[in-house]
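Notes to accompany the following structure.
The values are calculated or read from the model by the stated rules, or taken from the named source; none is laboratory data. This is a predicted model, so every value here is computed, not measured. Using ideal geometry, Cβ is built from the backbone for each residue, glycine included, and neighbour counts are taken over all protein chains shown.
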Amino acid sequence: MCAGVDPVAEERDVTSGIDKSVPHSARIWNYWLGGKDNYAVDRAAGDEYRKVFPGIVDLARAQRYFLARAVRFLAGEAGIRQFLDVGTGLPTVDNTHEVAQRVAPEARVVYVDNDPLVLAHAHALLTSSPEGATSYVHADLREPDTILQEAARTLDFGRPVALTLMGVLGHITDTQEAYAIVRRLMDGLPPGSYLALADSSDSDTAFAEAQRRYNEGGAVPYILRKPEEIAGFFDGLALVEPGVVPVPQWRPEVSGLGSSHGAEELCGVGRKPVADRGA
C-alpha cells in the first residue's frame, strides 16, 4: 500500500481508481452524516439499510459524538498530545485534530485510511494549528507495521499516543485476526498510551438483518460482534470509567443525543499500563 502522503496528493487524479459501481462503507457513512462525498450507489445502499434499520443515522451520529468526547478527554484530563486515528473515514465536522487542538494546540495527529476518496480529500485533514502537526498515511488496517513505521515520521513513540479505531474493526471478519492487529498496534506504542474504540454489536435483530443484506450486496463485508468480543479488544488495558458501554453512555454531555440513540454501538477507552519501577 501507499504510505506517507504529501499534502498536495489531492492534486493527483487519485479518484480514477475508485469503483463507483459498488457501495463503500466510508462513503455511506458520509451520506448518513449529511456529507456530500458519496455516489449514487452509496446513497442507494444507505437508503436500503435505513429501511431495515432506521436507527442507523442516529447510530452514526452517536459514534461521531463519542469520538469528540473521547478526544477531549484524552487531550484534556489524560494529557495526551499525540493521536493515531486509524480508519479515519471522510473528513467531516470536528475531525480528530480539530477537537484535540482546541484543547491542546500542540497536539500531533496522524490519520490512516485505505480509501482512495479519503486520500483525495486528505488536505482537509491536514489543516493543523501552527503549534501542532497533522499527516496522512494511505495504508490498510491489516498492515499495522506499515502504519506504525509511517506514523513515527510525525509522532514521537517515546511519549504516549492515543490510538482511535472508530467503526473499522468489523472489516476484519476474523475476530482473532482483529485482536492480533489491535495488539500489534498497541505493542508499538509506549506505556501510558490509550486505545479509544467504538464498534457495532449484534444485539439488535433489525441492525443485524440490515448488515446481513448489506454484506450480500457485493460491498466489502462488515461483521457485528458480540458485546463480549468487543470488550475483548481492551484485554490487558486499564479501562477508563464507565468501561465498555453503549456510545451514548460514555461520559454523556447534556447537549448530546438521548440515551436511546446509538445503543447498538459499544465503546470504551483503555490505558496501556505503566511498569511499576518501584519493584
task = Hand me the list of helices (runs of 4 or more DSSP H) wholly inside the stretch 134-244 holding 1 or more residues that are of a type outside the set (D, E), within 16 Å of the chain's Cα centre (by Cα) and closer than 27 Å to A263 by Cα.
result = 175-187, 227-231
message = Exactly one condition in (1) closer than 24 Å to G268 by Cα; (2) surrounded by fewer than 20 Cβ atoms within 10 Å (Cβ to Cβ) is false for V41; which is it?
response = (1)
Boolean, G132 is surrounded by 17 or more Cβ atoms within 10 Å (Cβ to Cβ) and either at negative phi or in contact with a strand residue (DSSP E or B) (Cβ under 7 Å, 6 or more places away or on another chain) (or both) = yes
request  = Could you check, for the stretch 207-217, whether at least one of its residues is modelled with pLDDT under 95 and within 18 Å of V112 (Cβ to Cβ)?
outcome  = no
Selected residue (only one of L141, L119 is at pLDDT 95 or above and either under 23 Å from H171 (Cβ atoms) or hydroxyl-bearing (S, T, Y) (or both)) = L141
query = How many residues, within the stretch 98-127, are more than 19 Å from A26 (Cα to Cα), in a helix (DSSP H, G or I) and not aliphatic (A, V, I, L, M)?
reply = 3
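Results for (1) of a type outside the set (G, A, S); (2) at pLDDT 90 or above; (3) out of contact with any Pro (no Cβ under 7 Å at 6 or more places or on another chain); (4) assigned to a helix (DSSP H, G or I), shown as yes or no for each residue.
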{"position": "T15", "(1), (2), (3), (4)": "yes, no, no, yes"}
{"position": "K20", "(1), (2), (3), (4)": "yes, no, yes, no"}
{"position": "Y31", "(1), (2), (3), (4)": "yes, yes, yes, yes"}
{"position": "V41", "(1), (2), (3), (4)": "yes, yes, no, yes"}
{"position": "A45", "(1), (2), (3), (4)": "no, yes, no, yes"}
{"position": "R50", "(1), (2), (3), (4)": "yes, yes, yes, yes"}
{"position": "R61", "(1), (2), (3), (4)": "yes, yes, yes, yes"}
{"position": "R64", "(1), (2), (3), (4)": "yes, yes, yes, yes"}
{"position": "A70", "(1), (2), (3), (4)": "no, yes, yes, yes"}
